[in-house]
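*Asks:* This is the structure I want to talk about, given as structure tokens.
The values are calculated or read from the model by the stated rules, or taken from the named source; none is laboratory data. Owing to the predicted nature of the structure, the values given are computational and were not obtained by experimental measurement. Heads up, the Cβs are rebuilt from the backbone with ideal geometry, glycines too, and the neighbour counts pull from every protein chain shown. To get the accessible areas, we keep the full protein, side chains included, count just its heavy atoms, and leave off ligands, DNA and RNA. Shrake-Rupley method; radii C 1.70, N 1.55, O 1.52, S 1.80 Å.
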Amino acid sequence: MNELRVNTLESEAIYILREVAAQFEKPVLLFSGGKDSITLVRLAQKAFWPAKIPFPFLHVDTGHNFPETIEFRDRLAKELGIDLIVRNVQDNIDAGKVVEETGKYASRNMLQTETLLDAIEEFGFDACIGGARRDEEKARAKERIFSVRSDFGEWDEKNQRPELFDLLNGKIELGQNVRCFPISNWTELDVWSYIERENIEIPSIYFAHKRKVFLRDGMIWSAEDDVVYRAEDEEVQEMMVRFRTVGDMSCTAAVLSDAVSISKVVQEIRDSSISERGARIDDKRSEAAMEKRKQQGYF
Amino acid sequence: MEVLKIATAGSVDDGKSTLIGRILYDTRSLTDDKLEAIERTSKQKGFDYLDFSLATDGLVAEREQGITIDVAHIYFSTAKKSYIIADTPGHVEYTRNMVTGASTSQAAIILVDARNGVIEQTYRHFFINNLLKVKDIIVAVNKMDLVDFAQDKFEAIKAEITALAKRAGSTQNITFIPVSALQGDNVVDKSENTPWYTGTTLLEHFEALEAQDIYEESVARLPVQTVIRPKKDEFHDFRGYAGKLYGGSLAVGDEVTVLPSKTASKIKDIYFFDKKYSVAERGTSINITLENDINISRGDIVVKSSELPRETKALEAKVCWMDTTNLVVGKKYFLQQGANVIAAKVSAINSVIATDFSGEAPATELKINEIGNVSFKLAKTLFYDTYAENKTTGSFILIDPQTNNTSGAGFIQ
Ligand SMILES: Nc1nc2c(ncn2[C@@H]2O[C@H](COP(=O)(O)OP(=O)(O)OP(=O)(O)O)[C@@H](O)[C@H]2O)c(=O)[nH]1
Ligand SMILES: [Mg+2]
């Protein structure tokens with residue numbers, strides 16, 4: 001007898017992905033090439049096997065992504081035979097629709113929202129599946145699994161629908177859209193443990209490697225990529241580092257690490273006394289940085 | 001590792017968020033950057049102590065007003081267990097968010113301010129936890145520091161809630177703990193200020209609880225979420241029925257009945273991803289195939305033929321109302337039970353129930369935050385169990401077709 005035992009978080013995520021596929025007409029999976037979206041892809045494979053994943057992937061490319069991530073993104077979509085839609089923040093900048101930030105902390109994180117909302121409108125997506133987790137950030141901790149957004153992408157955080165048991169209400173009006181978060185209840189450690197258990201391939205920048213870096217505000221920044229602003233007096237040195245998140249390079253700092261394998265990464269996270277987004281300068285701009293971005297349509 | 005889901009409850013300002021922040025602090029679960037942020041903000045606000053509620057009150061409006069508006073989900077773990085805590089708001093206006101947090105939890109910490117004792121919101125939250133059949137109730141008598149850790153205050157509250165539980169016919173496990181969320185007494189570490197208290201601390205109590213799925217062992221129910229048809233050569237005739245299994249296990253060869261068509265068949269294969277299993281435990285998200293080629297679509301339920309549910313086109317249920325537009329006779333809603341959505345019309349409001357268990361009164365409408373007995377006429381036959389028998393097939397939400405809002409929650413008695 002071979003008995004299937006329950007893995008609560010995995011079952012919950014698969015359940016949510018199936019609800020999205022069944023309740024919406026045009027869902028899309030937001031795929032960044034980061035570990036959370038890679039985990040989502042594995043869960044989606046499991047949810048619909050032997051059928052293909054029944055929705056395309058969308059990547060909002062800031063133009064500031066790690067080259068390793070982009071390469072990885074293209075390869076995975078090709079392997080799975082999934083349509084990959086890429087929309088570039090650069091196009092909106094070139095068209096004069098948005099203005100690039102300047103200065104030391106310039107990042108394209110805010111500009112992503114505009115491109116995302118344009119893509120939603122262009123394709124008529126009614127649901128966007130994202131790999132956001134509630135343990136990441138205090139505003140995320142407040143969000144529902146099905147998070148209804150207005151046709152301007154706005155999150156009405158003080159007026160969310162009740163969400164009881166496993167019951168997900170995806171009913172919306174034309175123009176509205178729902179952000180769906182299958183791994184809401186996973187922690188960073190849960191994701192890494194799952195990647196280890198499932199032996200999922202991830203981009204190389206998640207592992208410790210030698211990199212030319214410089215220090216600023218007690219954080220380690222890549223000196224190998226020109227999109228990261230570096231002042232003349234900020235000295236370049238070589239260190240063993242890895243990245244805990246792979247967002248926009250210009251706002252994602254590295255951490256010192258010698259974790260060269262997944263099991264070592266898992267151990268490192270277990271022992272860490274800094275949260276995952278502690279290395280994200282975009283969240284440090286103000287107490288409410290994430291909430292404000294969300295209200296405007298960000299993930 | 002075991003995952004224990006706990007929700008907070010109790011009136012506004014009774015100290016729920018502070019308590020959760022304190023647990024995180026005392027278990028060293030706050031990372032350095034999060035602790036620094038709390039220290040910084042507490043200082044800015046001019047407090048001479050750390051405001052631990054900042055660990056969970058994540059919205060700007062919450063931090064400004066010092067209250068919780070919506071549920072925060074908080075994660076931490078000990079060597080023994082992983083915890084998911086839903087920190088819910090106490091304000092009556094946000095009861096719908098409290099219900100949201102409580103609905104998926106196995107345990108509830110109901111806080112009572114030792115100075116104020118049991119008040120209206122305490123009753124309401126106790127009632128909701130009872131209605132939801134949340135198994136383990138921990139009454140944390142908080143702010144003991146403000147009553148000089150007086151035993152008689154604690155005992156009085158204990159006596160009052162014990163009487164309430166009796167009146168409610170509650171079968172829940174109820175535990176009482178005197179705490180100070182602010183100072184940490186009996187939260188993680190045992191307090192020296194309560195020598196008269198011999199029980200466990202809050203965390204010790206959680207550590208000893210056996211984590212269980214809120215969907216308990218009863219009868220197997222597989223609501224079909226989606227039909228999987230691969231349209232690939234190698235799986236040409238494959239037709240899988242995918243869903244999350246509730247209440248009991250299913251095995252290959254089981255004689256099953258598909259509802260509403262009442263067609264009988266046998267389970268041919270049970271898949272999870274690309275692997276076949278002979279038995280699936282409850283709680284698993286599976287994909288099954290059947291021996292016969294029958295017509296099944298989303299919303300159908302697969303059950304064992306020996307364990308058929310009840311059926312009706314005229315439903316009666318306890319309804320917890322969560323919308324500012326009142327529930328009135330004649331109004332139509334979508335009733336969503338599992339993956340099944342059917343049209344329902346309110347045919348009668350039989351009574352509104354007092355949340356202090358003092359009785360029921362006739363009513364013509366249900367207002368926000370009220371709970372009542374309601375009758376519905378259904379467009380199609382509903383297959384159901386009582387909520388006591390099976391939480392999945394015994395509960396539903398009501399969706400307003402005009403606003404798409406989730407307006408109410410129903411519990412079939
Ligand atoms: N002295 C004392 N004050 C406390 C204690 N617990 C909480 N407080 C204070 O009570 C106030 C309210 O605390 P919160 O934790 O925000 O209360 P809450 O129950 O989460 O409130 P809502 O979420 O808005 O319902 C704050 O000023 C706390 O500092 C305690 O044990 N002793
Ligand atoms: Mg609170």
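*Asks:* Does A:E235 meet the test of being open to solvent by 30 Å² or more (accessible area, probe 1.4 Å) and either in contact (Cβ under 8 Å) with a residue 24 or more places away in the chain or not in a strand (DSSP E or B) (or both)?
*Replies:* The answer is yes for A:E235.
*Asks:* Residue by residue through segment B:239-262, note down the ones that are more than 10 Å from every other protein chain (Cβ to nearest Cβ) and either hydroxyl-bearing (S, T, Y) or open to solvent by 30 Å² or more (accessible area, probe 1.4 Å) (or both).
*Replies:* B:R239, B:Y241, B:G253, B:D254, B:E255, B:T257, B:P260, B:S261, B:K262 - these are the residues of segment B:239-262 that are more than 10 Å from every other protein chain (Cβ to nearest Cβ) and either hydroxyl-bearing (S, T, Y) or open to solvent by 30 Å² or more (accessible area, probe 1.4 Å) (or both).
*Asks:* Could I ask something else about it? Mind checking which residues of segment B:27-40 are away from chain A (no Cβ under 12 Å) and more than 26 Å from the chain's Cα centre (by Cα)?
*Replies:* First, pick out the residues of segment B:27-40 that are away from chain A (no Cβ under 12 Å): B:27, B:39.
B:E39, the sole residue that qualifies.
*Asks:* As an exercise: evaluate B:S265 against (1) within 14 Å of another protein chain (Cβ to nearest Cβ); (2) free of Cβ contacts under 8 Å to residues at least 40 places away in the same chain; (3) assigned to a strand (DSSP E or B) and give the number of the one condition it does not meet.
*Replies:* (1)
*Asks:* Let me ask another. Considering only segment A:147-202, state which residues are among the basic types (K, R) and more than 9 Å from every other protein chain (Cβ to nearest Cβ).
*Replies:* If the condition is that a residue be among the basic types (K, R) and more than 9 Å from every other protein chain (Cβ to nearest Cβ), then A:R149, A:R179, A:R197 are the ones that fit.
*Asks:* Among A:A141, A:A132, which is open to solvent by less than 20 Å² (accessible area, probe 1.4 Å), in a loop (DSSP other than H, G, I, E, B) and at negative phi?
*Replies:* A:A132
*Asks:* Those residues that are at the interface with chain B (Cβ under 7 Å from one of its Cβ atoms) and farther than 25 Å from A:K171 by Cα, I need them from segment A:1-24; list them, please.
*Replies:* If the condition is that a residue be at the interface with chain B (Cβ under 7 Å from one of its Cβ atoms) and farther than 25 Å from A:K171 by Cα, then A:M1, A:N2, A:E3, A:L4, A:R5, A:V6, A:T8 are the ones that fit.
*Asks:* Take B:L315 and decide whether it is without any contact (Cβ under 8 Å) to a residue 60 or more places away in the chain, surrounded by 14 or more Cβ atoms within 10 Å (Cβ to Cβ) and hydrophobic (A, V, I, L, M, F, W, C).
*Replies:* So B:L315 does not fit the description; no.
*Asks:* Can we say A:I93 is in contact (Cβ under 8 Å) with a residue 60 or more places away in the chain, more than 8 Å from chain B (Cβ to nearest Cβ) and aliphatic (A, V, I, L, M)?
*Replies:* no
*Asks:* Report the residue count in segment B:216-230 for those that are open to solvent by 20 Å² or more (accessible area, probe 1.4 Å), of a type outside the set (K, R) and touching a strand residue (DSSP E or B) at 6+ places or on another chain (Cβ under 9 Å). Explain how you work it out, then say what you get.
*Replies:* Our first condition is that a residue be open to solvent by 20 Å² or more (accessible area, probe 1.4 Å); within segment B:216-230, this holds for B:216-219, B:226-227, B:229.
From the residues that got through so far, the ones that are of a type outside the set (K, R) too are B:216-219, B:226-227.
Subset that is touching a strand residue (DSSP E or B) at 6+ places or on another chain (Cβ under 9 Å): B:218-219, B:226-227.
Total meeting the criteria: 4.
*Asks:* Let me ask something else about it. For segment B:50-65, give me each residue that is touching a residue at least 24 places away in the same chain (Cβ under 8 Å) and not hydrophobic (A, V, I, L, M, F, W, C).
*Replies:* Hits for segment B:50-65 are B:D51, B:S53, B:T56, B:D57.
*Asks:* Ok, one more. Filtering segment B:326-352 down to residues that are of a type in the set (A, V, I, L, M, F, W, C) and touching a residue at least 60 places away in the same chain (Cβ under 8 Å), which residue is nearest to B:N405 (Cα to Cα)?
*Replies:* My answer is B:F334.
*Asks:* So, in segment B:1-32, exactly how many residues are modelled with pLDDT under 90 and either surrounded by 17 or more Cβ atoms within 10 Å (Cβ to Cβ) or within 14 Å of ligand 1 (Cβ to nearest atom) (or both)?
*Replies:* 1
*Asks:* Now for a separate question. Out of A:A208, A:A132, A:A119, A:A141, which single residue is touching a strand residue (DSSP E or B) at 6+ places or on another chain (Cβ under 6 Å) and within 14 Å of chain B (Cβ to nearest Cβ)?
*Replies:* Sole residue among the options that is touching a strand residue (DSSP E or B) at 6+ places or on another chain (Cβ under 6 Å) and within 14 Å of chain B (Cβ to nearest Cβ): A:A141.
*Asks:* Take the residues in segment B:277-294 that are more than 8 Å from chain A (Cβ to nearest Cβ) and touching a strand residue (DSSP E or B) at 6+ places or on another chain (Cβ under 8 Å); name whichever of them is most open to solvent (accessible area, probe 1.4 Å).
*Replies:* Per the criteria, the residue is B:E291.
*Asks:* Let me ask another. Looking only at segment B:41-70, filter to residues that are more than 7 Å from chain A (Cβ to nearest Cβ) and in contact with a Pro (Cβ under 9 Å, 6 or more places away or on another chain); which one of those is farthest from B:L19 (Cα to Cα)?
*Replies:* If we take residues in segment B:41-70 being more than 7 Å from chain A (Cβ to nearest Cβ) and in contact with a Pro (Cβ under 9 Å, 6 or more places away or on another chain), then B:E62 is farthest from B:L19 (Cα to Cα).
*Asks:* While we're here: Is segment B:194-208 home to any residue that is out of contact with any Phe, Trp or Tyr (no Cβ under 8 Å at 6 or more places or on another chain), surrounded by 15 or more Cβ atoms within 10 Å (Cβ to Cβ) and either modelled with pLDDT under 95 or closer than 28 Å to B:D356 by Cβ (or both)?
*Replies:* yes
*Asks:* Output yes when any residue across segment B:343-363 is outside any loop (DSSP other than H, G, I, E, B) and within 14 Å of chain A (Cβ to nearest Cβ), and no when none is.
*Replies:* Taking every residue of segment B:343-363 in turn, at least one turns out to be outside any loop (DSSP other than H, G, I, E, B) and within 14 Å of chain A (Cβ to nearest Cβ).
*Asks:* Could you go through segment B:319-331 and let me know if any residue there is closer than 25 Å to B:A242 by Cβ, out of contact with any Pro (no Cβ under 8 Å at 6 or more places or on another chain), within 14 Å of chain A (Cβ to nearest Cβ) and of a type in the set (D, E, K, R).
*Replies:* no
A quick yes/no check of all residues on (1) within 14 Å of chain A (Cβ to nearest Cβ); (2) modelled with pLDDT of 95 or more; (3) more than 15 Å from ligand 1 (Cβ to nearest atom); (4) open to solvent by 20 Å² or more (accessible area, probe 1.4 Å):
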residue	(1), (2), (3), (4)
B:P89	yes, yes, no, no
B:V99	yes, yes, no, no
B:S103	yes, yes, yes, no
B:I109	no, yes, no, no
B:R124	no, yes, no, yes
B:I128	yes, yes, no, no
B:V134	yes, yes, yes, no
B:D148	no, yes, no, yes
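*Asks:* Could you say which residue among B:L182, B:L203 is closer than 25 Å to B:F52 by Cα and either within 16 Å of ligand 2 (Cβ to nearest atom) or within 12 Å of chain A (Cβ to nearest Cβ) (or both)?
*Replies:* B:L182 is the lone residue from the list that is closer than 25 Å to B:F52 by Cα and either within 16 Å of ligand 2 (Cβ to nearest atom) or within 12 Å of chain A (Cβ to nearest Cβ) (or both).
*Asks:* Now for a separate question. Have a look at B:T78, B:T104, B:T56 and point out the one that is assigned by TED's automatic domain parsing to the domain that holds B:T31, of a type in the set (S, T, Y) and within 19 Å of B:S11 (Cα to Cα).
*Replies:* Only one candidate passes the filter, namely B:T56.
*Asks:* Conditions first: (1) under 30 Å from B:G359 (Cβ atoms); (2) crowded, with 18+ Cβ neighbours inside 10 Å; (3) in contact with a Phe, Trp or Tyr (Cβ under 7 Å, 6 or more places away or on another chain). B:K153 passes all but one, so which condition is the exception?
*Replies:* (3)
*Asks:* Please go through segment B:378-401 and pick out each residue that is in a strand (DSSP E or B) and either β-branched (V, I, T) or surrounded by 15 or more Cβ atoms within 10 Å (Cβ to Cβ) (or both).
*Replies:* Hits for segment B:378-401 are B:L378, B:T381, B:L382, B:F383, B:Y384, B:S395, B:F396, B:I397, B:L398, B:I399.
*Asks:* Here is a further query. Can you tell me which condition B:A181 does not meet? The list is (1) under 29 Å from B:C320 (Cβ atoms); (2) more than 14 Å from ligand 1 (Cβ to nearest atom), and all the others hold.
*Replies:* Result: B:A181 fails condition (2) only.
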